[in-house]
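Q: First, the structure itself, so that you have it in front of you.
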Amino acid sequence: MLTQTNSAGTPNHPGPLSPDAILTALDPEQREVALALNGPVVVLAGAGTGKTRAITHRIAYGVRIGAYKPTGVLAVTFTARAAGEMRTRLRELGVQGVQARTFHAAALRQLSYFWPRVVGGAPPRLQEYKAQLVAEAARRLGLSVDRVAVRDLSSEVEWAKVSLVLADDYEKAARAAGREAPSGYDAQTVSRLITAYEDVKTERGVIDFEDVLLMLGDMLNSHKVVADEVRSQYRHFVVDEYQDVSPLQQFVLDQWLGGRSELCVVGDPSQTIYSFTGATPRHLLDFRRTYPQAQEIRLVRDYRSTPQVVHLANSVLQRAGRAGGAHQALELVAQRKPGPPVTFHAYDDDEAEAKGIAARAARLIGSGRVRPSEIAVLYRTNAQSEAFEAAFADAGVGYLVRGGERFFQRKEVRDAIVLLRGAARAADPELPMPDQVRDILATAGWADQAPAARGAARERWDAMQALVALADDLAAAATPENPATVAGLVAELDERASAQHAPTVEGVTLASLHAAKGLEWDAVFLAGMSEGLMPISLAETDAAVHEERRLLYVGITRAREHLEVSFARSRNPGGRPTRKRTRFLDGLWPDEPRAARSRATARTQPRALLTGEHDTALFDALRDWRLEVARETDKPAYTVLTDATLAAIAEIRPSGTAELARVNGIGPAKIDRYGAAILAIVAGATGS
């Protein structure tokens, strides 16, 4: 069994790694990614399978053997945090100069550079939030709007722009997409609002984030000199989370490429959860139609989660049916040792659920097994956070709400960085950097011990303690050639601030399922898993319900070891217990009535009950056999038998055809074709 820990960063090394050392850190499929230096390449990477490791090692390997110039690589992703993580890993691999940015950051950088030359003067000011402009546009149309309506209309304006839908085409496009106009307005009114919004922007001389992409794309499309300069600079492109690409982002990517195919995309159709914003997995799913010569690599070894968590995640997707994308789902194969079972709880009401979760989290922390920052409570809507905030405060457990005030915007953090910046000029190189940082922050109220009480004082201490912990981490990773200094810490903080890559603050994370994408914790509590919340009542179409299932899958796969799933039977204490747990856990919730479980079993026809633990030597032998069959028949290996089916065989170890037939993925045709060979391999591995 492979034991790499892909969720963590690559360890620091005293110098640049050799090409062989870069490859040695990878499993066979990740190594295949690293060796696929020439595009087009599509990497289908399941949750926890080490996609960031694979693509950063691919870039580092290409640079180290001279196939890539670092400054000729542009890697784009969807969050500043993910881009910052990519830059950090590349730096730890000894690679400097690669541009790893979000789509918007990369586009804004190029637009700002070329604007004076192409248009003249300074580019328009970037308007970060649309609400004020949308409210003004609504006022001009005589619309009465409140804060919620402005938010919903802003989202609709954004959807139209990222979908490359003009105001005049909005009605037709929204109808084709099955998209209801928001906040009770009709599509014609939204169309007029989009026009008014653009007028307000023009009058104020501002642009929004979508304009950055639109303007750059148009500039590259219509100015050959500019396009040639960008394309001569960037020769190799990597796109992470490709299932979330919008038509607008794809348009910009096409302009960057200029008809070339040096492109590596990474994604997972089962983690498509942003369709409401205009994201579409179509570009990922159709990649091999767009590029028939593309190499496809699948990453399915899950290093993040225990077999128990992986089994639940796989099962949720398997029950989606073909219409829900079950045939496209990557079946994860757990690489970690078995952990505790997934637990399920039904509470009387929301308050009881919040208090119960807070108490269980407190026990985990008190046991010393899990740090507060390695625990998360995930829920469907932001409105659900209030009950958990109250419950954790009552329990005396620190927490932070993801999506609240940004770390680097907090006054105490800004003040602390000013102090560190000033002290860096006079820092004593003979003194350990962490000690100097502690002395500096002590003047701003930091102390060795946290305040006993919760509240603002504790939150201020938690923020400064995160800076202290980062100083310790940098010092631990220092080398004689690159010693840890206060100036180095300040530089690291500046880079993290630009990427909004905050250091870890000790406290339980409270977050919506959407906000949890891309993150992971040792312990995860999935709360409010009832019909109406999961799937949410607004999910009225089949497509919307399928996306809700994928959202649950994302939530499950955030957990490394401990996973608890719960719902409340009523909203308020003493209320009628009318809620039902989510349909997505039919046949998986352990305490449901036998009749309901039988119906679920009959629908999904699982043939064998699996734990996720399998004989790894047998699994590897089966994979070797499958590879030989694939080569002989000139077929992709997974079309012979999927990894999940091989893992099931390696767990059940069937001794005859009847037992083999109980394995999901093994039908009469597969038994006729491969049954004898499979049983012979199993018999050889078990010594029977």
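Q: Suppose we keep only residues that are closer than 16 Å to Phe251 by Cβ and free of Cβ contacts under 8 Å to residues at least 24 places away in the same chain within the range 279-289. Which one would you say is most open to solvent (accessible area, probe 1.4 Å)?
A: Restricting to residues being closer than 16 Å to Phe251 by Cβ and free of Cβ contacts under 8 Å to residues at least 24 places away in the same chain, the top hit is Arg282.
Q: So which residues in the range 319-347 are outside any helix (DSSP H, G or I) and free of Cβ contacts under 8 Å to residues at least 12 places away in the same chain? Even if it seems obvious, please write down each step before you answer.
A: Filtering the range 319-347 down to residues outside any helix (DSSP H, G or I) leaves 319-321, 325, 329-347.
Gly321 - this is the single residue of the range 319-347 that is outside any helix (DSSP H, G or I) and free of Cβ contacts under 8 Å to residues at least 12 places away in the same chain.
Q: Same structure again: Taking the range 545-564 on its own, how many of its residues are in a strand (DSSP E or B) and either open to solvent by less than 20 Å² (accessible area, probe 1.4 Å) or under 13 Å from Tyr274 (Cα atoms) (or both)? Step through it out loud before you land on a result.
A: Initially, the range 545-564 is screened for residues in a strand (DSSP E or B), giving 559-564.
With the extra rule that they be either open to solvent by less than 20 Å² (accessible area, probe 1.4 Å) or under 13 Å from Tyr274 (Cα atoms) (or both), the set shrinks to 559, 563.
Looking only at that region, the number is 2.
Q: Moving on. Please go through the range 638-672 and give me each residue that is more than 24 Å from Glu29 (Cβ to Cβ), in contact with a helix residue (DSSP H, G or I) (Cβ under 9 Å, 6 or more places away or on another chain) and free of Cβ contacts under 8 Å to residues at least 12 places away in the same chain, ordered by number.
A: Glu659
Q: Residue under question is Tyr234, and the condition is that it be of a type outside the set (S, T, N, Q), open to solvent by 30 Å² or more (accessible area, probe 1.4 Å) and at pLDDT 90 or above; does it hold? Step through it out loud before you land on a result.
A: Numbers: of a type outside the set (S, T, N, Q): yes; open to solvent by 30 Å² or more (accessible area, probe 1.4 Å): no; at pLDDT 90 or above: yes.
No, not satisfied.
Residues are listed down the side, and each one gets a yes or a no for (1) within 18 Å of Leu214 (Cβ to Cβ); (2) open to solvent by 20 Å² or more (accessible area, probe 1.4 Å); (3) touching a helix residue (DSSP H, G or I) at 6+ places or on another chain (Cβ under 9 Å); (4) part of a helix (DSSP H, G or I):
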residue	(1), (2), (3), (4)
Ala106	yes, no, yes, yes
Gly121	no, yes, yes, no
Val134	yes, no, yes, yes
Gly142	no, yes, no, no
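Q: If only one of Val95, Val63 is outside any loop (DSSP other than H, G, I, E, B), surrounded by 22 or more Cβ atoms within 10 Å (Cβ to Cβ) and either free of Cβ contacts under 8 Å to residues at least 12 places away in the same chain or aliphatic (A, V, I, L, M) (or both), which one is it?
A: Just a single option satisfies the conditions, and that option is Val63.
Q: Which pairs do you get when a residue that is under 15 Å from Met534 (Cα atoms), found in the range 573-587, comes within reach of a residue that is at pLDDT below 90 and assigned to a helix (DSSP H, G or I), reach meaning Cβ atoms under 9 angstrom, with the pair 6+ apart or on two chains?
A: Going by the 9 Å Cβ cut-off, the qualifying pairs are Asp586/Ala596; Asp586/Arg597; Asp586/Arg599; Asp586/Ala600; Asp586/Arg603; Asp586/Thr604.
Q: Read through the list (1) buried (at least 22 other Cβ atoms within 10 Å of the Cβ); (2) closer than 30 Å to Gly50 by Cβ; (3) not charged (D, E, K, R), then give the number of the only condition that Val212 fails.
A: Val212 satisfies all of (1) buried (at least 22 other Cβ atoms within 10 Å of the Cβ); (2) closer than 30 Å to Gly50 by Cβ; (3) not charged (D, E, K, R) except (2).
Q: Additional query: State whether the residues of the range 439-460 include one that is modelled with pLDDT under 85, open to solvent by less than 40 Å² (accessible area, probe 1.4 Å), within 26 Å of Ala390 (Cα to Cα) and part of a helix (DSSP H, G or I).
A: Checked against the condition, which is being modelled with pLDDT under 85, open to solvent by less than 40 Å² (accessible area, probe 1.4 Å), within 26 Å of Ala390 (Cα to Cα) and part of a helix (DSSP H, G or I), the range 439-460 yields no hits at all.
Q: Can you confirm whether Val190 is touching an Asp or Glu at 6+ places or on another chain (Cβ under 8 Å) and free of Cβ contacts under 8 Å to residues at least 60 places away in the same chain? So that I can check it myself, show each step before the final result.
A: Numbers: touching an Asp or Glu at 6+ places or on another chain (Cβ under 8 Å): yes; free of Cβ contacts under 8 Å to residues at least 60 places away in the same chain: yes.
It is true that Val190 is touching an Asp or Glu at 6+ places or on another chain (Cβ under 8 Å) and free of Cβ contacts under 8 Å to residues at least 60 places away in the same chain.
Q: Checking the condition under 23 Å from Leu317 (Cβ atoms), among the β-branched types (Val, Ile, Thr) and open to solvent by 40 Å² or more (accessible area, probe 1.4 Å), which residue from Thr485, Thr541 passes? So that I can check it myself, show each step before the final result.
A: Numbers: Thr485 fails: under 23 Å from Leu317 (Cβ atoms).
Matching residue, one of Thr485, Thr541: Thr541.
Q: Within the range 400-412, identify whether any single residue is farther than 30 Å from Gly488 by Cβ, assigned to a helix (DSSP H, G or I) and without any contact (Cβ under 8 Å) to a residue 12 or more places away in the chain, and answer yes or no. Please lay out each step first, then the result.
A: Of the residues in the range 400-412, the ones farther than 30 Å from Gly488 by Cβ are 401, 403.
If we keep only those that are assigned to a helix (DSSP H, G or I) too, we end up with none.
Within the range 400-412 (the criterion being farther than 30 Å from Gly488 by Cβ, assigned to a helix (DSSP H, G or I) and without any contact (Cβ under 8 Å) to a residue 12 or more places away in the chain), the answer is no, since none of the residues qualifies.
Q: Would you point out which residue out of Arg673, Arg653 is within 17 Å of Pro307 (Cβ to Cβ), open to solvent by 80 Å² or more (accessible area, probe 1.4 Å) and either at pLDDT 85 or above or touching a Ser or Thr at 6+ places or on another chain (Cβ under 9 Å) (or both)?
A: Values: Arg673 fails: within 17 Å of Pro307 (Cβ to Cβ).
Answer to the selection: Arg653.
Q: I'd like to know if the range 534-543 contains one or more residues that are more than 30 Å from Gly356 (Cβ to Cβ) and small (Gly, Ala, Ser). Lay out the reasoning, then the answer.
A: To start, the set of residues in the range 534-543 that are more than 30 Å from Gly356 (Cβ to Cβ) comprises 540-543.
Those left that are additionally small (Gly, Ala, Ser): 543.
Yes, because at least one residue in the range 534-543 is more than 30 Å from Gly356 (Cβ to Cβ) and small (Gly, Ala, Ser).
The values are calculated or read from the model by the stated rules, or taken from the named source; none is laboratory data. Every value quoted in this text rests on a predicted model; they were computed, and no experiment measured them. Neighbour counts are summed over all protein chains in view; Cβ atoms, including those assigned to glycine, are modelled from backbone coordinates with ideal geometry. All accessible areas refer to the heavy atoms of the entire protein, side chains included, with ligands and DNA or RNA removed. Shrake-Rupley method; radii C 1.70, N 1.55, O 1.52, S 1.80 Å.
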